[in-house]
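Every number here is computed from the coordinates shown, using simple stated rules; none is lab data. Everything numeric here is computed off the predicted structure, so don't read it as measured data. In this analysis, Cβ positions are derived from the backbone assuming ideal geometry, glycine residues included, and neighbour counts consider all displayed protein chains.
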């Protein structure tokens with residue numbers, strides 16, 4: 001599969017198609033690069049951003065602060081002047097105010113999100129245009145950080161946590177795909193982790209509406225980020241929900257490995273396109289600083305298959321596979337203890353010794369500072385802890401049956417050997433010191449004198 005660059009687009013974005021590399025004019029090239037990479041263009045950087053307290057002309061909102069800006073628009077935290085409630089407003093850049101295609105795309109984005117109701121999708125409350133003709137829509141204000149920021153802070157995300165985050169995103173994508181919406185630009189920057197742990201899928205600005213009769217994009221146009229585009233996007237082939245499956249495989253790869261499969265090519269757009277089209281990604285276990293289960297590695301590589309028919313065919317299929325892995329990882333991992341429910345330590349275990357009469361005794365453990373249990377659960381926690389200690393002390397006080405029998409046999413043999421040695425010693429002493437019939441006493445001196453003297457000479 002071969003990919004190359006094309007210089008035409010209704011939305012002014014970087015396009016890829018088969019054929020020769022075309023050199024666009026310099027102003028358009030800068031604008032397209034900004035839209036693809038998610039950065040403001042030169043004109044967008046030069047125009048003045050709204051400041052705190054400045055009203056949005058023709059709207060009931062006043063600016064609180066700038067939250068961020070991309071190639072197509074800006075996102076502000078605003079306050080409703082009548083309700084006093086704060087929202088996030090996405091506003092088309094002033095330099096694009098006359099672009100009918102971008103205005104239509106922003107309205108399509110707002111309508112697409114508003115049609116969906118899901119915990120992992122932001123709510124849209126308002127859609128309109130300012131006095132200058134700049135379209136905007138108001139969404140719920142989120143508190144948190146995107147996954148790119150979170151990954152930069154952590155370095156790598158633990159496997160169970162990464163699976164849980166991807167599960168939330170896939171659940172939202174299943175609903176979007178069922179409604180005929182393909183995101184086309186899924187990446188860590190567009191996945192927002194709220195402070196309560198909820199993951200939100202953001203930025204449907206380049207979403208493709210499968211059921212929409214009129215397309216807002218040129219026939220061969222590809223809109224998105226080259227670093228996270230699927231092979232069919234790079235080759236300007238027809239796009240379906242399986243392009244989002246490829247992007248979610250890249251997201252999961254980056255979370256567990258701490259980097260993408262082709263990060264060494266970052267900044268080289270043509271090389272990145274070629275890699276996504278033709279190079280097999282290295283297994284994440286080769287790059288990850290943590291242990292990657294074999295089943296998880298197979299799942300990621302299946303999602304990153306070059307041919308769409310070799311991937312998961314729906315987000316629901318991938319969600320089911322990730323859920324099975326997540327449940328297995330969560331059951332095998334040690335549960336995190338609560339603050340008031342402490343795990344017994346070495347100082348909790350009783351000491352087994354022996355008393356003066358030889359019987360086994362169990363000494364009480366050294367006193368320790370009681371755990372700060374809540375008043376309502378303190379007795380239950382203390383009872384469970386005491387039960388654990390009693391059970392452990394009983395197990396330590398009683399030796400195992402086989403060990404006891406072996407010890408008794410060894411002791412009996414020792415006693416027998418000692419008895420035999422003592423008996424042998426007694427017999428030896430008796431034979432040496434006690435008089436007997438086989439050894440007569442020596443004759444007295446008078447008897448020796450009366451005995452006849454025999455001459456030795458004959």
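At 20 °C and 1.002 mPa s, what whole-number value in µm²/s does Stokes-Einstein give for the translational diffusion of segment 143-332, with Rh from the Kirkwood sum over Cα pairs?
128
Under Stokes-Einstein, with the Kirkwood radius over Cα pairs standing in for Rh, what whole-number D in µm²/s applies to segment 241-301 at 20 °C and 1.002 mPa s?
This corresponds to a translational diffusion coefficient of 177 µm²/s.
With the cut-off at 1.5 for a/c, could you classify segment 156-199 from its C-alpha gyration tensor as rounded, prolate or oblate?
Since a/c reaches 1.5 and a/b is larger than b/c, the shape of segment 156-199 is classed as prolate.
Can you give the translational diffusion coefficient of segment 56-187 in µm²/s, computed by Stokes-Einstein from the Kirkwood radius over Cα pairs at 25 °C and 0.890 mPa s?
Details: Rh = 16.4 Å.
So the translational diffusion coefficient is about 150 µm²/s.
Normalised by the residues of segment 228-323, what does the relative contact order come to in percent, with Cα pairs under 8 Å and at least six apart?
Relative contact order of segment 228-323: 35 percent.
Remind me, relative contact order of segment 143-332 in percent, using alpha carbon pairs under 8 angstrom and six or more residues apart? Could you put the intermediate results ahead of the total?
Details: 279 pairs, mean separation 50.7, N = 190.
Computed over segment 143-332, the figure is 27 percent.
Computed FRET efficiency, Cβ-Cβ of residue 156 and residue 82, R0 35 Å: what is it to the nearest 0.05?
Calculated transfer efficiency: 0.15.
Taking 0.36 nm per residue of separation and subtracting the Cα-Cα distance, what length does fully extending residue 145 through residue 279 add?
Computed gain between residue 145 and residue 279 is 45.0 nm.
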